[in-house]
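**Q** The following block contains the structure, expressed as structure tokens.
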Amino acid sequence: MRKIMIILITLILSISIVFSIINDYKIKNNVNTIILKENNMTIGINYPTTNIKKLDFEIKKQVNTIYDDFIKEYGLDNKHSELNIDYNFNITNERYINIVLEKYISNSKNLTSKLYTYVFDVKQNRFLTLKDLINQEELKYISSYVQKELLSKYKDSIGINELNNILSPEYNNFKLFTFNDQKFVLYFNSPNFKDIVDVEIPIENINLKIPIEMGTSIQNTFKVKKIKNKVIDPNKKMIALTFDDGPSKYTDKIIDLLNKYDASGTFFVLGNKVEMYKETLIKMVEQGSEIGNHSYNHKWLIKLNKDDFLNQVNQTQSILKNTIGYTPTLLRPTYGSVNDEIKKNTTLDIILWNIDTLDWKLKNYKDIVNRVVGKVEDGDIVLMHDIHERTLKALEIILPKLKEEGYQFVTVSELKKAQELRKYE
Ligand code: ZN
């Protein structure tokens, strides 16, 4: 009996030791550097190793192949040649390792570079392909997004037809990609582009098949997490409700109301209210709504000089990022006033509206309802202000009424995305 007890205790002890080792498991990231200068060749190689065998094996294999090919091709050349390999490494959500390996070769004739990407799921101990992350519908969006980006950049060197061809929505066309908690990045080695090209898409614009906690790489801040469960049908009617000048004491109730009708909205907030309404803003994002920038303290933006304008916008961007780990991509200029200066000085998407509820002026909530119900059409952006009680009361009628008419209530970015998808079909 005593013997059994001892064996049992030893067993329990060793199991708990094993468990504590598993808990302490941290992904290691070491850089290996090889610098060689021989005869007519200079070689500088940096590549990562981790404590994950499968991943290390593939990277090492690729590095060896590049090295061997280089020696084979230029080893006997009397002209000077250079090989350089470098990489970029990031771990997202302590689970997904993203590596970009870049080969750069320079010789007497030309310069060439090529990228290789690796996305490895530590938990499943396997590499992820684009198919593991993105469904067919999402792929169409990515394809049209990339086409648009590249067309504006390379419109002088590539034709639309050629682009359509290289970037049609097939998984094979988008083999090179990485992601982190802020963006999804696609890379292209295609000889049609002069250099290696990358296109970044904000991670919140993409429905990944895997759960991602956004904004976790930002240190010392709250990490806001969007709980994505809304299904949007791009072929059904939809509108974007937008709320300016908040948050306020009514905003929480508006979010609850949106929730009740599976709706989301877009809140163009003022930077100076962010700290005070931190909890409300977190709730907003978690609920599926979007946050946009409406300046720091509502100065009339078209009247400001460039520096003051940039201060208004950037202060709001950084306070949102620092407080809740969220970075807006939309700007609604104060008073809906835009000029060329504003367009030139911001990279944010400028969003106005088609339907003005006049909720800032109309005192009776029924009048606000009548500005929307019966007037609104598919694709409209509706302007409201979440700083009035009457706006909340109007919404209590507007939401069920329009839902009954078959409308989906989406964010501005979701609306834009759906419009892209429709264009495609
Ligand atoms: Zn305003």
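The values are calculated or read from the model by the stated rules, or taken from the named source; none is laboratory data. As the structure is a prediction and not an experimental result, all values here were calculated from the model. When we count neighbours, we look across all protein chains shown, and the Cβ atoms used for this are built from the backbone with ideal geometry, even at glycine. To get the accessible areas, we keep the full protein, side chains included, count just its heavy atoms, and leave off ligands, DNA and RNA. Shrake-Rupley method; radii C 1.70, N 1.55, O 1.52, S 1.80 Å.
**Q** List pairs: first residue in region 229-247 and assigned by TED's automatic domain parsing to the domain that holds residue 269 and on the phi > 0 side of the Ramachandran plot, second residue open to solvent by less than 10 Å² (accessible area, probe 1.4 Å) and part of a loop (DSSP other than H, G, I, E, B) anywhere in the structure, Cβ distance under 9 angstrom, at least six positions apart or on different chains.
**A** Close Cβ pairs satisfying both conditions: 245/294; 245/386.
**Q** Next question. Specify which of the listed residues (399, 392, 383) is within 16 Å of the ligand (Cβ to nearest atom) and either within 26 Å of residue 283 (Cα to Cα) or of a type outside the set (Ser, Thr, Tyr) (or both).
**A** That would be 383, the only listed residue that is within 16 Å of the ligand (Cβ to nearest atom) and either within 26 Å of residue 283 (Cα to Cα) or of a type outside the set (Ser, Thr, Tyr) (or both).
**Q** Among the residues of region 259-300, count how many are outside any loop (DSSP other than H, G, I, E, B), surrounded by 24 or more Cβ atoms within 10 Å (Cβ to Cβ), within 13 Å of the ligand (Cβ to nearest atom) and free of Cβ contacts under 8 Å to residues at least 60 places away in the same chain.
**A** Total satisfying the criteria: 2.
**Q** Same structure, new question: So, residue 316, is that one at pLDDT below 95, buried (at least 16 other Cβ atoms within 10 Å of the Cβ), within 13 Å of the ligand (Cβ to nearest atom) and not small (Gly, Ala, Ser) or not? Spell out the reasoning first.
**A** On the way: at pLDDT below 95: no; buried (at least 16 other Cβ atoms within 10 Å of the Cβ): yes; within 13 Å of the ligand (Cβ to nearest atom): yes; not small (Gly, Ala, Ser): yes.
For residue 316, the condition - at pLDDT below 95, buried (at least 16 other Cβ atoms within 10 Å of the Cβ), within 13 Å of the ligand (Cβ to nearest atom) and not small (Gly, Ala, Ser) - is not met.
**Q** Turning to a different aspect of this structure: Answer with yes or no whether residue 164 is in contact (Cβ under 8 Å) with a residue 12 or more places away in the chain and among the polar types (S, T, N, Q).
**A** yes
**Q** When region 372-387 is examined, which residues are found to be part of a loop (DSSP other than H, G, I, E, B), surrounded by fewer than 23 Cβ atoms within 10 Å (Cβ to Cβ) and under 32 Å from the mean Cα position of the chain (by Cα)? Outline the logic, then answer.
**A** To start, the set of residues in region 372-387 that are part of a loop (DSSP other than H, G, I, E, B) comprises 373-380, 386-387.
Within this subset, residues satisfying the condition of being surrounded by fewer than 23 Cβ atoms within 10 Å (Cβ to Cβ) are 373-380, 387.
Result: 376, 377, 378, 379, 380, 387.
Listed here are the residues, each with its yes/no results for (1) open to solvent by 40 Å² or more (accessible area, probe 1.4 Å); (2) modelled with pLDDT of 90 or more.
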residue	(1), (2)
96	no, yes
100	no, yes
110	yes, no
113	yes, no
116	no, yes
120	no, yes
130	no, yes
135	yes, yes
143	no, yes
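**Q** Another question, if that's okay. Sort out which residues of region 34-61 are of a type outside the set (Val, Ile, Thr) and part of a strand (DSSP E or B), and write them in order of number.
**A** So the first thing to find is which residues in region 34-61 are of a type outside the set (Val, Ile, Thr), and the list is 36-41, 44, 46-48, 51, 53-58, 60-61.
Within region 34-61, 36, 37, 38, 41, 44, 46, 47, 48 qualify.
**Q** Filter region 74-94 down to the residues that are outside any loop (DSSP other than H, G, I, E, B) and not aromatic (Phe, Trp, Tyr) and list them by number.
**A** Filtering region 74-94 down to residues outside any loop (DSSP other than H, G, I, E, B) leaves 74, 81-92.
Hits for region 74-94 are 81, 82, 83, 84, 85, 86, 88, 90, 91, 92.
**Q** In addition: When you check residue 367 against the structure, is it within 13 Å of the ligand (Cβ to nearest atom) and open to solvent by 30 Å² or more (accessible area, probe 1.4 Å), yes or no? Walk me through it before giving the result.
**A** Values: within 13 Å of the ligand (Cβ to nearest atom): no; open to solvent by 30 Å² or more (accessible area, probe 1.4 Å): yes.
Judged against the criteria, residue 367 is not a match.
**Q** Would it be correct to say that residue 387 is modelled with pLDDT under 95 and in the same structural domain as residue 292 (by TED's automatic domain parsing)?
**A** When the stated conditions are applied, residue 387 passes them.
**Q** Please find, among 109, 183, 131, 148, the residue that is under 30 Å from residue 41 (Cα atoms) and of a type in the set (D, E, K, R).
**A** Values: 183 fails: under 30 Å from residue 41 (Cα atoms); 131 fails: under 30 Å from residue 41 (Cα atoms); 148 fails: under 30 Å from residue 41 (Cα atoms).
Answer to the selection: 109.
**Q** Residue 322 is checked against (1) polar (S, T, N, Q); (2) modelled with pLDDT of 95 or more; (3) more than 16 Å from the ligand (Cβ to nearest atom) and fails just one. What number does that condition carry?
**A** Status for residue 322: all satisfied but (2).
**Q** Filter region 301-313 for residues that are among the charged types (D, E, K, R) and more than 16 Å from the ligand (Cβ to nearest atom); which is least open to solvent (accessible area, probe 1.4 Å)?
**A** So in region 301-313, the residues among the charged types (D, E, K, R) come out as 303, 306-308.
Then drop every residue that is not more than 16 Å from the ligand (Cβ to nearest atom), which leaves 306-308.
Details: 306: 111, 307: 106, 308: 70 Å².
Ranking the candidates gives 308 first.
**Q** Go through region 64-85 residue by residue and tally those that are surrounded by 15 or more Cβ atoms within 10 Å (Cβ to Cβ) and closer than 22 Å to residue 51 by Cα.
**A** 1
**Q** Looking at (1) closer than 30 Å to residue 226 by Cβ; (2) within 16 Å of the ligand (Cβ to nearest atom); (3) among the charged types (D, E, K, R), which is the one condition that is false for residue 361?
**A** Condition not satisfied by residue 361: (1).
**Q** Then there is this: Within region 325-339, is there a residue that is more than 16 Å from the ligand (Cβ to nearest atom), at pLDDT 95 or above and farther than 25 Å from residue 276 by Cβ?
**A** yes
**Q** Exactly one of (1) open to solvent by less than 10 Å² (accessible area, probe 1.4 Å); (2) closer than 17 Å to residue 188 by Cα is unmet by residue 88. Its number?
**A** (1)
**Q** For residue 322, indicate whether it is over 30 Å from residue 398 (Cα atoms) and either open to solvent by 40 Å² or more (accessible area, probe 1.4 Å) or in contact (Cβ under 8 Å) with a residue 60 or more places away in the chain (or both). Can you show your working first?
**A** Working: over 30 Å from residue 398 (Cα atoms): yes; either open to solvent by 40 Å² or more (accessible area, probe 1.4 Å) or in contact (Cβ under 8 Å) with a residue 60 or more places away in the chain (or both): yes.
Answer is yes for this residue.
**Q** For region 343-358, what are the residues that are open to solvent by 30 Å² or more (accessible area, probe 1.4 Å) and among the aliphatic types (A, V, I, L, M)?
**A** 350, 352, 358
**Q** Okay, next question. Which condition breaks for residue 248 when tested against (1) modelled with pLDDT of 95 or more; (2) within 16 Å of the ligand (Cβ to nearest atom)?
**A** Single failed check for residue 248: (1).
**Q** Follow-up question, since we're still on this one. Restricting to region 92-120, name every residue that is without any contact (Cβ under 8 Å) to a residue 60 or more places away in the chain and not small (Gly, Ala, Ser). Reasoning before the result, please.
**A** The first filter runs over region 92-120 and keeps only residues without any contact (Cβ under 8 Å) to a residue 60 or more places away in the chain, leaving 95, 101, 103-112.
95, 101, 103, 104, 105, 107, 109, 110, 111, 112 - these are the residues of region 92-120 that are without any contact (Cβ under 8 Å) to a residue 60 or more places away in the chain and not small (Gly, Ala, Ser).
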